[in-house]
Structures are given as structure tokens and as C-alpha cells.
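The values are calculated or read from the model by the stated rules, or taken from the named source; none is laboratory data. Remember, predicted model here, so these are calculated numbers, not experimental data. Virtual Cβ from ideal backbone geometry, glycine too; neighbours counted across all protein chains shown.
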Amino acid sequence: MSVFTSLGILILAMLILLSLKLIPGIFMLFTHFNLGKFSRKKAEDLSIFFIFGVEIMFALVFIFINSIFHLLSSTEIIFENAIFNFIFAGIMIALCFATFLFYFKKESGTKLFISRKTAHNFILKAKTAKNRSDAFLLGFIAGIPELLFSLPLFTISFIEMSKLSFPYLSFSALILVFIFISVIPLFIIYTLESTNHNLAELEKSRIKNKTFFRVFISTLYLLLAILIIIPGVTS
Amino acid sequence: MNEKFDEKSLIKELKIDARALGIPSGAAEMFINKTIDQTKKILKSKNIITKKDLERIITKELKKYHKDLAYVYENRDKII
């Protein structure tokens with residue numbers, strides 16, 4: 001696989017991660033309730049700890065993937081690139097259909113695939129969080145239900161990043177950059193909500209773009225599958 | 001499951017929403033009190049009401065005073 005293919009896969013995986021809606025949705029509500037309950041300074045402080053929780057969760061996912069690969073490499077399992085490429089492409093195609101069919105519920109609003117009970121628990125936690133540890137924990141658990149959609153992306157990104165070598169940028173630094181970029185939407189949401197754009201405006205824009213994101217994320221998964229499978233076919 | 005209309009927690013929640021939306025506290029209090037009064041008037045004529053109908057009544061009343069506040073009240077359970 002060439003450097004350009006690896007970079008292409010990384011960019012597509014990152015674009016999908018940036019477009020997923022569960023963590024930003026919980027963060028939008030969390031920021032809204034904090035701005036309503038606390039001073040701007042405390043709201044900002046709690047938002048930072050929420051984002052920190054998300055980053056730690058992402059880092060732990062990468063550590064988990066690293067451990068799995070380390071474990072597999074010490075066994076007698078032989079990694080055949082073409083077979084692995086086909087497996088990953090299959091997963092991406094399945095996620096493409098899954099996103100199109102049930103990532104967003106076919107109801108009003110931007111209800112997601114998670115159960116109503118889980119959604120209500122998240123809303124309740126966002127409403128009642130009052131200190132840094134609550135904020136951190138909420139950020140940490142916010143991305144867990146979405147791992148169904150994001151874990152394959154983290155895995156493929158991990159594999160591709162391990163193949164790339166940049167001057168002055170080690171593998172772990174590359175992962176840190178990846179984690180930092182994937183939480184940028186949260187910084188944007190905080191900036192918007194703490195300035196003149198309230199929850200009502202943000203949610204209206206989410207509803208307006210719901211179909212677009214459904215198609216956009218599905219298409220990106222499909223493109224990712226194609227990009228993964230092509231080198232396997234040509235080799 | 002039967003639930004009592006919890007006026008205090010509703011007022012508290014609406015005040016939090018209003019502050020987050022940047023509505024001045026005096027104006028928010030006036031909107032919320034008027035909404036609660038009107039809702040109570042409607043509830044007087046009914047012994048039992050579904051939660052959804054109650055939310056619809058409150059949203060309708062809030063819309064008269066502040067559209068964004070009504071929108072947030074109506075949609076906050078539909079965001080995720």
C-alpha cells in the first residue's frame with residue numbers, strides 16, 4: 001500500500017470520526033446545562049474535562065488495539081494483507097449500510113441508534129454533572145456506544161499510522177495528533193454555544209443536515225472500503 | 001405509571017434553559033410564571049393527562065413568549 005493510499009484511508013477515517021454525532025450531541029446538551037447552571041468560567045472548566053475524558057477514552061482504545069496486535073503478533077497467526085484488507089473492507093461496507101439504515105432514527109429530531117434508556121441516562125448525567133470528575137466520566141463514557149461505528153476506524157487508522165513515517169513525528173505523536181484532531185468539533189461546539197449560538201440554533205442545523213450526514217457518512221464508509229480493497233486486489 | 005405534575009422541577013429546568021439561552025432572568029421568570037399559570041389552568045379541567053400532552057401544552061405556552069426556549073424544551077430529549 002502506498003503512502004498516498006495510507007494517507008487517504010487516514011483522512012477518510014478522520015472525516016467519518018469528525019462526522020459522528022453521539023459525542024457532539026451529548027456535549028451540546030452538557031454545555032447547554034452548564035451554561036444555564038454555572039458561571040461561564042466553571043462551564044468552560046467542565047467542558048475541558050469532558051473533552052479530556054473523550055481524549056483519554058480514545059487513547060485507551062488505541063492502547064487496546066495496540067495490545068491486541070501485540071498479542072496476535074506473538075502467536076502463530078500469520079497476517080496476510082489481502083485477507084485482512086478484505087475483512088476490513090467488508091466491515092466498512094456493513095457500516096455503510098448500517099449508517100444509512102439505522103444510525104439516525106426515523107423520527108423527528110436527531111435521535112440516534114442508541115436505546116432510549118441509554119439516551120435518557122446520558123441526558124440525565126449531562127443535566128446533573130456538577131464537578132470535574134462527573135464531566136470527565138461523562139466524556140469518557142460518551143463515545144462507548146458509538147464504538148460500534150468508530151472502533152473499525154480507530155483500528156484501520158492505527159494500522160495505517162504504523163506504516164507512515166514522518167520526520168520529527170513519532171508513531172505515538174501521530175496518534176496524539178489524531179486524537180486531538182478528532183475532538184476539534186467539541187471545541188467548535190463550545191465556542192458556538194458560549195457565544196451567540198444557542199442549543200436551539202445548533203439543533204435546528206443538525207436536523208437540517210441530518211439526511212446529508214446520513215448519506216455523507218455512508219459514502220465515506222464505502223469510499224474507505226474501496227480504498228482498503230484496491231491494493232489487495234491489485235497485489 | 002402515574003406521576004404528579006412537578007411544578008418546582010419544571011420551573012428549575014426552564015430557568016436553566018433560559019439562562020443558557022441568554023434570556024435575562026427577569027424576563028425568563030415572567031415567561032415561565034405565565035406559562036406555568038396557564039398550564040395549571042388547563043390542567044384544572046383534566047384529572048389525568050399524558051406526559052406528552054402536558055409537554056405539548058407547555059411548549060405551546062412557551063412559544064408565545066420565547067420560541068428558542070420552547071424549541072429547547074420540546075426537543076432536548078430528541079438530540080441524541
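Figures for the structure shown
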{"read-out": "Residue in segment A:92-101 that is farthest from the other protein chains (Cβ to nearest Cβ), counting only those that are touching a residue at least 12 places away in the same chain (Cβ under 8 Å) and surrounded by fewer than 19 Cβ atoms within 10 Å (Cβ to Cβ)", "value": "A:ILE93"}
{"read-out": "Residue match in segment A:107-116 (condition: assigned to a loop (DSSP other than H, G, I, E, B) and among the basic types (Lys, Arg))", "value": "yes"}
{"read-out": "Residue match in segment A:207-223 (condition: within 27 Å of A:PHE97 (Cα to Cα), free of Cβ contacts under 8 Å to residues at least 60 places away in the same chain and among the small types (Gly, Ala, Ser))", "value": "no"}
{"read-out": "Residue in segment A:3-16 that is aliphatic (A, V, I, L, M), modelled with pLDDT of 95 or more, surrounded by 14 or more Cβ atoms within 10 Å (Cβ to Cβ) and not in a helix (DSSP H, G or I) present", "value": "no"}
{"read-out": "Test: residue in segment A:121-139 that is over 29 Å from A:ASP45 (Cα atoms), touching a residue at least 24 places away in the same chain (Cβ under 8 Å) and not aromatic (Phe, Trp, Tyr)", "value": "no"}
{"read-out": "Checklist (1) more than 10 Å from every other protein chain (Cβ to nearest Cβ); (2) over 25 Å from A:LEU227 (Cβ atoms); (3) of a type in the set (A, V, I, L, M, F, W, C); (4) surrounded by 16 or more Cβ atoms within 10 Å (Cβ to Cβ) applied to A:LEU124, failing item", "value": "(4)"}
{"read-out": "Hey, A:PHE149 aromatic (Phe, Trp, Tyr) and either more than 20 Å from A:PHE52 (Cα to Cα) or outside any helix (DSSP H, G or I) (or both) or not", "value": "yes"}
{"read-out": "Scan of segment A:187-230 for residues that are farther than 16 Å from A:PHE104 by Cα, within 14 Å of chain B (Cβ to nearest Cβ) and of a type outside the set (S, T, N, Q), ordered by number", "value": "A:ILE189, A:TYR190, A:LEU192, A:GLU193, A:HIS197, A:LEU199, A:ALA200, A:GLU201, A:LEU202"}
{"read-out": "Segment A:45-102 - residue that is small (Gly, Ala, Ser) and within 15 Å of the chain's Cα centre (by Cα) and, of those, nearest to A:LEU176 (Cα to Cα)", "value": "A:ALA59"}
{"read-out": "Tally, over segment A:4-38, of residues that are in contact with a helix residue (DSSP H, G or I) (Cβ under 7 Å, 6 or more places away or on another chain) and more than 14 Å from chain B (Cβ to nearest Cβ)", "value": "13"}
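One line per residue, one yes/no per condition, for (1) in contact with a helix residue (DSSP H, G or I) (Cβ under 9 Å, 6 or more places away or on another chain); (2) within 11 Å of chain A (Cβ to nearest Cβ); (3) of a type in the set (A, V, I, L, M); (4) surrounded by fewer than 17 Cβ atoms within 10 Å (Cβ to Cβ):
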| site | (1), (2), (3), (4) |
| --- | --- |
| B:PHE5 | yes, no, no, yes |
| B:THR35 | yes, no, no, no |
| B:LYS40 | yes, no, no, yes |
| B:TYR71 | yes, yes, no, no |
| B:ARG76 | yes, yes, no, no |
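Quick grid of which residues meet (1) within 14 Å of chain B (Cβ to nearest Cβ); (2) among the hydroxyl-bearing types (Ser, Thr, Tyr); (3) surrounded by fewer than 19 Cβ atoms within 10 Å (Cβ to Cβ); (4) out of contact with any His (no Cβ under 6 Å at 6 or more places or on another chain):
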position: A:ILE83; (1), (2), (3), (4): no, no, yes, yes
position: A:PHE88; (1), (2), (3), (4): no, no, no, yes
position: A:TYR103; (1), (2), (3), (4): yes, yes, no, yes
position: A:ALA119; (1), (2), (3), (4): yes, no, no, yes
position: A:LEU148; (1), (2), (3), (4): no, no, yes, yes
